[in-house]
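Accompanying notes for the structure given below.
The values are calculated or read from the model by the stated rules, or taken from the named source; none is laboratory data. Every value quoted in this text rests on a predicted model; they were computed, and no experiment measured them. Backbone-built Cβ (ideal geometry, glycine too); neighbour counts: all protein chains shown. Protein only, heavy atoms only, side chains kept; ligands, DNA and RNA dropped before computing areas. Shrake-Rupley method; radii C 1.70, N 1.55, O 1.52, S 1.80 Å.
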Amino acid sequence: MLPRGMTLLAVFFFSTQPSAAFHDYIDRNSNTVTTTHQAAYRVSIIESYEPLGELHHRQESNGRMFKVSFAAFSKGSDIVLIHAETLEEPTGILDYGHLDQVKMDGVAVSIREQCVPAEAEAALADNPEANFVKDNGFDLRLPFLLTQHLITSDDGNAEVVISYGRGVEDCDVISESIRKDIRLRVENSITLERLTD
C-alpha cells in the first residue's frame, strides 16, 4: 500500500516517465471533450475555464501499462482534468464498484477523494502530467485535493476519469464545507453525457 497521498501519484499523476504515444482517445472542441475509446462520453466544462491543452502518452500504474489521453482546464487555483485511458493488455480488470457511487447528469459514476500533501513536492518533480499543467500556466501548489469521478467501459478495459482539483491548507483537515463547495462547483462547471451508437 502506498503512503497517504502518494496513491494519487500512481492514479492521477503517474509516477514513471512517459514513452512515445501513438494514440488519441479524445476529441476536444474548445471546452468540450468527447472520448473516442470504449468508454464513450462527452464532457463539457463552462467557458470560464481556460483550456491548457492535451497530453497523450503511455504510463505504468500499479504494474499495469496504460495508454492515456489527458486534457486540462483551469480557472484561478482550480483545475478540471479529463483522462481517457485504456489498458494496454486488455485484461478487463478496471472496476471501481468498491467506491461510493454518485450521479453526474444522470450518469452513475464512482467517486473518490485524494489529497497530495506538501511533502510530495519532490516526487512530482519528474511527473509528466504535473509538469504539463505547470508548463501550460497552472500554478500547482501542494497540498492539493482532487475529487475524482470514474467511469469504466462495459468490458473493463477503458475508463474516463473526471477530476476537480484545488489547493487546500492541510490534507488531514478537509472540512465538509470544502467538500460541499467542490460538489457545487462540479455541478455548476461540468456536464456529462453518455454517448450511444
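Taking K and R as +1 and D and E as -1, what net charge do the other residues with C-beta under 15 Å from the C-beta of ALA122 add up to?
Net charge around ALA122: -1.
Per DSSP H run of n ≥ 4, the term is -39500 (n - 2.57); total these for the chain, divide by its residue number, and report the mean residue ellipticity at 222 nm rounded to 500 deg cm²/dmol.
So the helix-based figure for the chain works out to -4000 deg cm²/dmol.
Please list 3J(HN,Hα) in residue order for segment 33-39, calculated via the Karplus relation 6.51 cos²θ - 1.76 cosθ + 1.60 where θ = phi - 60°; whole Hz, with x for glycine and proline.
These are the phi-based 3J(HN,Hα) values: 10, 10, 7, 10, 9, 5, 9 Hz.
Heavy atoms only, probe 1.4 Å: what % of the accessible area of segment 110-194 goes to carbon and sulfur, would you let me know? Please report the intermediate quantities before stating the final value.
Details: 1690 of 3910 Å².
Here carbon and sulfur together make up 43 percent of the probe-accessible area.
How are the alpha carbon pair distances in the chain distributed across 10 Å bins from zero to the largest one, expressed in percent?
In order of increasing distance, the bins hold 9, 38, 41, 12, 0 percent.
Wrap a convex hull around the Cα atoms of segment 25-127, take a quarter of its surface area, and give that in square nanometres.
Computed as one quarter of the Cα hull surface, the answer is 8.0 nm².
Report, largest value first, the span of the C-alpha coordinates of segment 86-197 along each principal axis, in whole Å.
Sorted largest first, the three principal extents are 42, 34, 27 Å.
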